[in-house]
Amino acid sequence: MTTVDIVGARKSHGAREVLSGVDLAASDGAVTALLGPSGCGKTTLLRLIAGFDRLDAGEIALGGRVVSGPTAHLPPEKRRIGYVPQEGALFPHLSVAGNVGFGLTRAERRGPRIAETLALVGVSELAARYPHELSGGQQQRVALARALAPRPDVVLLDEPFNGLDLDLRRAVSEEVMAALRKTGASAILVSHDPEEAFASADIVAVMDKGCIAQAAPPETVYAAPASAAVARITGPTIFLDATMRDGRAETALGVLPTRPDPGCRDGAARLCLRPEQIVTVASGEGRAGKVTVRSFRGDHCVLTVAFGDLALPVRAPASMAIGPDEPVHVAVMGPGVAFSGAL
Amino acid sequence: MSQQAFSPAVAVARRDAGAPLWLLLTAGAPVLLVALPLAYVATRGAQAGPAVAVAEIFRPRTGELLVNTLLLAISVTALSTLIGVATAWCVERAALPGRRGWRVVCVLPLAVPAFVASFAWASLGPAFQTMGGAILILTLSHYPLVHLPVAAALRGMDPAFEDVARSLGRGGWRAFFEATLPQAAPALGAGALLVLTHMFAEFGALALLRVQTFTTAIFDSYQLEFDGETAALQSAVLLALALPAALLEMRLRRGLRFARSGKGAARRRPPVPLGRATWPALAGFSLLAALALGAPLMMLTYWLAVGSSAGRAIADLWPALGGSLGLALPGALVVTALGAPLALLATRHRGPFASFADKLPYVVHGLPGLVVALALVFFAIRFAPQAYQTAGLLFAAYAALFLPLAQSALRGSLELVPPRFEEVGRSLGRSGLGAFAWIVAPNILPGVGGALALLTLEIVRELTATLMLAPIGVRTLATEVWSHANEGRYAAAAPFAALLVAISAVPVYVFTRRADDLQDDP
């Protein structure tokens with residue numbers, strides 16, 4: 001229920017600069033995902049917003065009020081934030097109800113707020129249990145309930161679903177984010193998993209080497225990455241050598257259309273495609289290549305297709321009966337994104 | 001909007017991750033305390049001058065002491081390692097009949113302080129008051145220091161390592177030496193070095209067994225000429241021996257961890273059948289138990305029976321017990337209170353000072369109690385004469401000797417409360433102090449209780465520093481055993497010794513059973 005504005009945030013751990021001038025604006029009630037590889041500084045940024053650590057330079061404002069700046073630092077307990085750390089970190093000496101009530105006043109603790117919050121995240125029946133009696137998914141839900149109980153303005157989630165198994169992770173993260181959205185609080189979610197970030201967030205802020213490389217809605221970040229690094233961080237990519245001419249890319253797969261943004265000048269370039277853009281087509285269309293390897297993946301298969309010296313992975317239906325050394329025709333769907341400079 | 005809700009000036013002065021000033025100051029006190037013995041040897045050595053120092057150190061007498069000290073220390077360490085590894089493997093990995101019972105029996109010799117065991121053996125006959133006797137008796141009372149860490153390492157180790165070695169064509173013995181033992185090597189090394197530092201520091205047992213090493217020589221010099229140069233220079237040589245061992249032990253102990261690759265719980269492994277070796281193994285364990293436990297306990301019982309006819313000593317028992325507890329309980333509180341800031345610094349604020357302050361006590365812990373006591377006497381009579389002959393000075397010695405016990409007990413429980421817990425508490429509106437009181441304190445209480453119990457026990461058993469620094473007229477169980485046994489009044493010493501053993505046995509038994517319950521096979 002508030003905005004988060006970060007301007008020029010810098011932070012070093014010893015001699016190593018972790019954040020080198022981060023700018024980010026998260027609007028009221030939005031869920032913003034900080035997506036990046038490990039070591040990119042996303043957790044550091046989250047801890048600065050929470051007030052656990054101090055900025056070296058720059059400014060952080062919550063709801064327009066500067067909480068971290070060159071001359072001031074509001075301690076974390078005064079920031080009205082909710083914090084959900086990795087693995088939950090439930091207090092082992094308190095029951096679920098005790099954990100959720102921890103941030104409430106004595107009067108609120110006697111009221112309906114604890115039950116209300118537990119119901120919101122769907123674990124009402126666990127109130128009397130202790131953390132060691134909960135499964136990983138239940139612990140995460142209780143950790144969110146604990147953060148939401150005092151009605152924070154901003155909820156900060158630090159890779160909260162990391163400790164869970166992959167299939168459980170998708171389900172828990174969906175439910176937890178749905179519960180979070182019901183409260184209307186703004187949220188910042190740290191993640192290194194693009195799929196989780198896309199599914200949860202309104203805005204995905206891609207972090208690379210201590211900076212925000214791009215902050216945009218998930219579809220934009222995926223389809224029109226601002227740099228080659230953003231493309232790699234946001235999902236599987238295929239780069240083709242290309243020569244740009246009049247906004248079109250000449251590649252081994254033919255002359256292909258490119259997105260107008262971020263824009264690329266004529267000359268040597270790299271064309272970035274997503275794997276699902278490269279498809280098999282009926283013979284006679286697209287480019288002809290030769291299958292070298294067929295790898296079965298269950299719901300689909302991946303063909304390694306050679307075009308002269310170039311070998312590309314191509315997704316194909318699992319039912320497609322094709323073996324090594326057989327010819328196949330391949331086309332590119334939709335525009336790619338071109339970046340200046342050779343591979 | 002505005003920033004007036006908090007004070008910018010105060011806020012900027014602190015750096016994050018930096019320790020608050022009060023914590024640094026309180027951690028400075030124990031650091032100062034443990035640095036005293038080193039300062040004492042350096043100061044006294046400098047006062048004596050290089051000529052005197054060289055003459056003293058190169059006396060033939062020093063050479064004799066050096067040979068005796070090294071012979072004793074190396075023999076006991078080697079034999080303890082051999083026995084400790086063999087017993088640990090048998091009770092953890094082999095299908096030894098009655099292994100649960102043997103696990104406890106193997107550790108129980110720890111309940112008999114070395115000077116009590118020595119008194120029991122010495123009373124059996126003068127044959128044991130020799131170097132050979134000392135090596136035997138001290139090995140029997142110290143091998144559990146190797147047995148315990150190696151057994152823990154074997155228990156915690158992923159059996160997959162040995163399985164892989166077997167799958168790669170190693171036989172049982174080779175798999176043990178090439179896959180299992182290297183994993184246990186840090187634990188083994190730390191245990192062996194602990195025995196070594198104990199040997200350099202041992203005083204009571206050697207005095208009773210009439211074996212001359214540096215510690216007994218330093219004690220004699222101290223009694224001949226109070227605060228003399230000879231004692232200080234002999235201390236310097238002893239420190240030169242003990243310090244490297246203590247440093248190395250500390251380093252190894254730091255690196256102790258049992259590597260597991262991959263997630264999931266380690267599988268249990270069926271114990272190795274002993275086959276034809278079963279009976280010899282059982283005979284060995286029985287012999288060990290008879291020598292390490294049976295003989296001392298039997299002699300104690302004998303002297304108790306003889307002494308009860310004399311009837312005298314029982315009346316002295318209560319004042320001595322009172323004296324022991326009167327020093328041990330407040331001593332344990334003082335040491336725990338001094339250890340707390342060190343443990344907090346080490347777990348919460350990593351940095352050069354924190355790491356130095358945290359490690360220094362471990363080094364001093366490995367130094368002989370005798371030298372620590374001498375150092376405190378030296379500084380007390382010069383700078384704080386009113387402190388000499390008070391319990392306060394003795395508590396300072398206890399702190400120097402036992403701080404690491406408090407640190408590791410406290411750190412163990414502090415580590416169960418990661419800083420993240422406090423951060424969550426603060427995000428929920430508690431101040432730094434409030435988060436500590438409501439989240440950290442309730443979770444470390446068991447650790448504090450454990451530290452107090454352990455320290456009380458250790459202080460009750462402590463002889464050397466108590467002997468030298470206890471206020472005049474204060475008698476403890478340990479000093480009574482020593483003074484009676486030293487003058488050959490074995491029957492008079494027995495009741496005190498028996499009570500001491502009984503008090504020690506309880507926690508040793510409880511700790512072993514608890515470790516057993518934590519990870520046991522059906």
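The values are calculated or read from the model by the stated rules, or taken from the named source; none is laboratory data. Source: prediction; values computed, not measured. Neighbour counts are summed over all protein chains in view; Cβ atoms, including those assigned to glycine, are modelled from backbone coordinates with ideal geometry.
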Just for region A:240-257: of the residues that are buried (at least 16 other Cβ atoms within 10 Å of the Cβ) and touching a residue at least 40 places away in the same chain (Cβ under 8 Å), which one is nearest to A:Met333 (Cα to Cα)?
A:Leu256
Report, by residue number, each residue of region A:81-135 that is more than 29 Å from the chain's Cα centre (by Cα), part of a loop (DSSP other than H, G, I, E, B) and closer than 22 Å to A:Ala50 by Cβ.
A:Pro92, A:Leu94, A:Phe102, A:Leu104, A:Thr105
Given the criterion of a type in the set (D, E, K, R), surrounded by fewer than 15 Cβ atoms within 10 Å (Cβ to Cβ) and modelled with pLDDT of 85 or more, identify the matching residue among B:Glu480, B:Glu487.
B:Glu487
Among residues belonging to region A:242-266 that are touching a Ser or Thr at 6+ places or on another chain (Cβ under 7 Å) and part of a strand (DSSP E or B), point out the one that is farthest from A:Leu312 (Cα to Cα).
A:Arg248
For region B:415-425, check the following and say yes or no: at least one residue is within 20 Å of B:Thr26 (Cβ to Cβ) and more than 13 Å from chain A (Cβ to nearest Cβ).
no
Please pick out the residue among B:Arg430, B:Arg426 that is touching an Asp or Glu at 6+ places or on another chain (Cβ under 7 Å), of a type in the set (D, E, K, R) and not in a helix (DSSP H, G or I).
B:Arg430
Of all residues in region A:52-80, how many are surrounded by 18 or more Cβ atoms within 10 Å (Cβ to Cβ), in a loop (DSSP other than H, G, I, E, B) and more than 8 Å from every other protein chain (Cβ to nearest Cβ)?
2
Filtered residues of region A:30-40 (kept if at pLDDT 90 or above and either facing chain B (nearest Cβ under 10 Å) or out of contact with any His (no Cβ under 9 Å at 6 or more places or on another chain) (or both))
A:Ala30, A:Val31, A:Thr32, A:Ala33, A:Leu34
Quick test for you: out of A:Gly298, A:Gly284, pick the one residue that is loosely packed, with under 11 Cβ neighbours inside 10 Å and either in contact (Cβ under 8 Å) with a residue 40 or more places away in the chain or part of a strand (DSSP E or B) (or both).
A:Gly284
Just to be sure before I move on: is A:Arg16 modelled with pLDDT under 95 and more than 22 Å from A:Ala229 (Cβ to Cβ) in the structure I sent?
no
Given the structure, is A:Glu125 away from every other protein chain (no Cβ under 14 Å), over 19 Å from A:Tyr83 (Cα atoms) and either surrounded by fewer than 22 Cβ atoms within 10 Å (Cβ to Cβ) or touching a Phe, Trp or Tyr at 6+ places or on another chain (Cβ under 7 Å) (or both)?
yes
All positions within region A:258-281 that are among the small types (Gly, Ala, Ser), surrounded by fewer than 15 Cβ atoms within 10 Å (Cβ to Cβ) and within 32 Å of the chain's Cα centre (by Cα)
A:Gly263, A:Ala268
Flagged pairs (Cβ under 7 angstrom, 6 or more apart or on separate chains; first in region B:436-458, more than 14 Å from chain A (Cβ to nearest Cβ) and charged (D, E, K, R); second part of a helix (DSSP H, G or I) and buried (at least 17 other Cβ atoms within 10 Å of the Cβ)) are B:Glu458/B:Phe402; B:Glu458/B:Leu405
All but one of (1) under 29 Å from A:Thr105 (Cβ atoms); (2) in contact (Cβ under 8 Å) with a residue 12 or more places away in the chain; (3) more than 12 Å from chain B (Cβ to nearest Cβ); (4) surrounded by fewer than 19 Cβ atoms within 10 Å (Cβ to Cβ) hold for A:Arg151, so report the exception by its number.
(3)
Looking only at region A:301-328, which residues are assigned to a strand (DSSP E or B) and either farther than 16 Å from A:Thr251 by Cβ or of a type in the set (Ser, Thr, Tyr) (or both)?
A:Cys301, A:Val302, A:Leu303, A:Thr304, A:Arg315, A:Ala316, A:Pro317, A:Pro327, A:Val328
Search result, residues across region B:360-383 that are closer than 17 Å to B:Leu233 by Cβ and part of a helix (DSSP H, G or I)
B:Leu370, B:Val371, B:Val372, B:Ala373, B:Leu374, B:Ala375, B:Val377, B:Phe378
Extreme residue, nearest to B:Pro418 (Cα to Cα), among residues of region B:438-469 that are surrounded by 21 or more Cβ atoms within 10 Å (Cβ to Cβ) and among the small types (Gly, Ala, Ser):
B:Gly447
